[in-house]
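The values are calculated or read from the model by the stated rules, or taken from the named source; none is laboratory data. Because the structure is predicted, anything quoted here is derived from the model rather than measured. Quick reminder, even Gly has a Cβ in these numbers, built from the backbone with ideal geometry, and neighbours come from all protein chains shown. Protein only, heavy atoms only, side chains kept; ligands, DNA and RNA dropped before computing areas. Shrake-Rupley method; radii C 1.70, N 1.55, O 1.52, S 1.80 Å.
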2 protein chains.
Amino acid sequence: MTGEAEVKARIEDREDLLRRIEAIGGGFVREGAQEDLYFRHPCRDLKGRDEALRLRREGKNYTLTFKGRRVGKGAKIREELEVRVDDFEGMVALLERLGFEEVFVIKKRRREFTVDMATVALDSVDGLGEFVEIEVMITAGEGEGGEAKRIEAFKNKLFSIADRLGIPRERLTTESYLELLASKSSSSKALR
Amino acid sequence: MTGEAEVKARIEDREDLLRRIEAIGGGFVREGAQEDLYFRHPCRDLKGRDEALRLRREGKNYTLTFKGRRVGKGAKIREELEVRVDDFEGMVALLERLGFEEVFVIKKRRREFTVDMATVALDSVDGLGEFVEIEVMITAGEGEGGEAKRIEAFKNKLFSIADRLGIPRERLTTESYLELLASKSSSSKALR
């Protein structure tokens, strides 16, 4: 499997976290706005299968991503297949012609750092607030003990970085922004 | 609608046609191998709807194209939506995860010329033989008399170029290579 292992946490004090990232040697990578469109499949219950299809716009870069179902516990570990496309609106139109339907948009501003081959991102998510995401790419390959052990190693790396950033284990979540936003909008509906 | 209007014809004498293209001022554009993968949709009968999803590899260029159903008669006129992608194998894998299935491959060598804003392509198609395709892009826009009249004008342009290349009207076909190959393989099955 190639994909990603990821944890995220809501943050209260962005400036404090920025200082901690710097203190553990985090290198600034980039900052920018991301707009993520999520699509409903014409005949598959992607949500029920814990899969997702996302088209991301980040400046002039557009990426189409399939996310597989989450495996394991403690961290969000899933297959990710990504291709870059040259035309955002064209890709939306093409997906629509194939019966896909845009169902959700997530807008955020991301500031990205690299720490020990992991990506640490500070996200300001419209309608949700401030988060930190710690992510490692899972690349294909053989490790001692096979895939399960290899994935365990990726997970431990995430936890170790979270520890060094002073984020308690119990504040880490494996929920996606999509889920957080969806549960927020359903609870606000429930309050009406 | 943005898309293409196209006619093709089987050719007997490639050298003669090359001379005719030159004689009417055709400018050489490029020559290269194209590999076209066609996909079955997970829940839509694309063939029945006269639609198609194609992923083309041409050197290091990869294009994903949705083709809408053919409209009108005499020329193949259809909507085309195209995006370039940066990873051929990645796009195949992504489509497969979404339930699309590769059903047909067409390989050809194309030599392309431009004649009066139209594209004239000499194709050597694996398993089919030599063809010429004359194609104009249909761009969005308002013309006198609306879409129907505008499309009629594109069609007449194709016919006029075919005339100038000495290709009789009755030899022009609107069938796709996909159809020609499919009907060839079904007729060879019938012969068994």
Find the chain A residue whose Cβ sits closest to the rotation axis that carries A onto B, and give that distance in whole Å.
A:Cys43, 2
Considering the dipole of region B:49-192 built from charges on the beta carbon (Lys and Arg +1, Asp and Glu -1) around the Cα centre, which of B:Ser186, B:Ile138, B:Asn156 is farthest to its positive end?
B:Ser186
Label zone at B:Asn156 (point 7 Å along Cα-to-Cβ), backbone N below 20 Å, region B:86-115
B:115
Determine the share of region A:66-189's accessible area contributed by carbon and sulfur atoms, expressed in whole percent, with a 1.4 angstrom probe.
50
Ignoring the sites themselves, what is the longest stretch of chain A with no GluC sites (Glu not before Pro) in a DSSP loop and at most 16 other beta-carbon atoms within 10 Å?
A:13-141
Binned at 10 Å starting from 0, the alpha-carbon pair-distance distribution of region A:70-124 in whole percents comes out as 16, 29, 39, 15, 0
Taking the Cα centre of the protein assembly as shown as origin, work out the dipole magnitude from +1 charges on Lys and Arg Cβ and -1 charges on Asp and Glu Cβ, in debye rounded to 20.
820
I need the inter-copy label distances for A:Glu15: point set 7 Å along Cα to C-beta, values in nm with one decimal, smallest first.
8.2
Label-point separation (nm) for A:Glu102 and A:Glu15, each offset 7 Å from Cα along Cα-to-Cβ?
3.7
Enter the angle in degrees (range 0 to 90, nearest 10) between the Cα long axis of helix A:177-191 and the first principal axis of the Cα atoms of chain A, meaning the one along which they spread out most.
70
Counting other C-beta atoms within 10 Å, and keeping those with at most 14, which DSSP coil trypsin sites (Lys or Arg not before Pro) do you find in region A:20-80?
A:Arg49, A:Lys60, A:Arg69, A:Lys73
Just the C-alpha atoms of region A:22-98: what Rg/Rh do they give, with Rh taken as the Kirkwood radius?
1.06
Which values of log₁₀ I(q)/I(0), to two decimal places, follow from the Debye formula for chain A at q = 0.12, 0.15, 0.16 Å⁻¹ with a uniform point scatterer at every Cα?
-0.64, -1.00, -1.14
Rg/Rh for the protein assembly as shown, where both radii come from Cα atoms and Rh is the Kirkwood radius
1.08
Spacing of the two label points (7 Å from each Cα toward its C-beta) at A:Ser186 and B:Ala23, in nm
7.2
Of A:Lys67/B:Lys47; B:Lys8/B:Lys47; A:Lys8/A:Lys149; A:Lys76/B:Lys107; B:Lys76/B:Lys107, pairs whose Cα-Cα distance is over 31 Å:
A:Lys76/B:Lys107
Choice from B:Val105, B:Val71, B:Val83 showing the highest fluctuation, given a GNM over chain B with Cα pairs closer than 10 Å
B:Val83
Round to the nearest 10 and give me the degree value, 0 to 90, for the angle of helix B:88-97's Cα axis relative to the longest principal axis of chain B.
50
Within region A:65-88, whose backbone N sits under 12 Å from a point 7 Å along Cα→Cβ of A:Ala148?
A:72
Just report the Cα centroid separation between region B:2-29 and region A:107-128, whole Å.
53
Copy-to-copy label separations for A:Phe159, where each label sits 7 Å from Cα toward Cβ, in nm and ascending
7.5
Cβ-vector label at 7 Å, A:Glu147, separations to other copies in nm
4.7
Calculate I(q)/I(0) for region B:79-192 by the Debye formula, one identical point scatterer on each C-alpha and no solvent, and give its log10 at q = 0.17, 0.23, 0.24 Å⁻¹ to two decimals.
-1.11, -1.32, -1.35
Can you give me the angle between helix A:146-164 and the longest principal axis of chain A, using Cα atoms only, in degrees from 0 to 90, rounded to the nearest 10?
70
